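J.: Dumping the structure here so I can ask a few things about it.
The values are calculated or read from the model by the stated rules, or taken from the named source; none is laboratory data. These numbers come from a predicted model, not from an experiment. Ideal geometry is used to build each Cβ from the backbone, glycine not excepted, and the neighbour counts take in all protein chains shown.
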Amino acid sequence: MPRQSVVAAVLDRARVLMLWRHRFITDRWGWELPAGWVDDGEDSAAAAHREVMEETGWRPGPLRLMYSFSSDHGISDSRFHLYRADGAVLEGPPVDVAEASRIEWIPLSDARTLIERGEIDDGASLTALLFLLEFDKA
């Protein structure tokens, strides 16, 4: 399986950049962090930067690897790389306008409520947000 990069872009240590999107396979709407496949021969940080730009139109600040993990190591060799970016600059509209219905800076203080309501339920976003809130207090 291809590797994936996920980015928690944090603004003012208080808000995180998220996408409200529909996933057809599960027929669910929810908030997700910008994320995507790492292309063959591509560095995971470069992929993370590219995905944030393509999906949101925001250029993330310097990326720092928070953690890497296997999603299903018993059945897959898929690997997720979770990055934190402090700050971002709006460059323009997203390249891929079909990625999300809304792009918003969500207060980090709302993350627990959104998780409890099932509005954040994809594994990569959950892992990155929980890691950020619990371990990455920079």
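J.: Taking the conditions exactly as written (among the basic types (Lys, Arg), at pLDDT 95 or above and touching a helix residue (DSSP H, G or I) at 6+ places or on another chain (Cβ under 7 Å)), does residue 64 satisfy them or not?
T.: Considered against the rule, which asks whether it is among the basic types (Lys, Arg), at pLDDT 95 or above and touching a helix residue (DSSP H, G or I) at 6+ places or on another chain (Cβ under 7 Å), residue 64 comes out as no.
J.: Exactly one condition in (1) out of contact with any helix residue (DSSP H, G or I) (no Cβ under 8 Å at 6 or more places or on another chain); (2) more than 16 Å from residue 6 (Cβ to Cβ); (3) touching a residue at least 12 places away in the same chain (Cβ under 8 Å); (4) not charged (D, E, K, R) is not met by residue 78; state its number.
T.: Exception for residue 78: condition (2).
J.: While we're looking at this one, here's another question. Among the residues of the range 26-52, which ones are hydrophobic (A, V, I, L, M, F, W, C), part of a loop (DSSP other than H, G, I, E, B) and surrounded by fewer than 22 Cβ atoms within 10 Å (Cβ to Cβ)?
T.: Residue satisfying the conditions is 38 alone.
J.: Wholly within the range 76-138, which strands (runs of 3 or more DSSP E) include no fewer than the required count, namely at least 2 residues that are touching a strand residue (DSSP E or B) at 6+ places or on another chain (Cβ under 6 Å), at pLDDT 95 or above and surrounded by 11 or more Cβ atoms within 10 Å (Cβ to Cβ)?
T.: So the answer is 79-86, 102-107.
J.: Write out, first by first residue and then by second, each pair whose Cβ atoms fall under 9 Å of each other, whose residues are 6+ apart or on separate chains, and whose first residue, in the range 27-40, is among the acidic types (Asp, Glu) while the second is in a strand (DSSP E or B) and surrounded by 13 or more Cβ atoms within 10 Å (Cβ to Cβ).
T.: What qualifies is 32/6; 32/18; 32/19; 32/20; 32/21.
J.: Just checking, does the range 57-75 include any residue being among the acidic types (Asp, Glu) and in a strand (DSSP E or B)?
T.: No - not one qualifying residue is present in the range 57-75.
J.: Tell me, yes or no, whether the range 91-99 has at least one residue that is more than 14 Å from the chain's Cα centre (by Cα) and on the phi > 0 side of the Ramachandran plot.
T.: yes
J.: Select, from 66, 53, the only residue that is in contact with a Pro (Cβ under 9 Å, 6 or more places away or on another chain), of a type in the set (A, V, I, L, M, F, W, C) and touching a residue at least 24 places away in the same chain (Cβ under 8 Å).
T.: None of the other options fit; the residue is 53.
J.: Please work out if residue 60 is surrounded by fewer than 15 Cβ atoms within 10 Å (Cβ to Cβ) and in contact (Cβ under 8 Å) with a residue 12 or more places away in the chain.
T.: No: the conditions fail for residue 60.
J.: Which one is farthest from residue 122 (Cα to Cα), of the residues in the range 19-34 that are among the aliphatic types (A, V, I, L, M) and at pLDDT 95 or above?
T.: Residue satisfying both the conditions and the ranking: 19.
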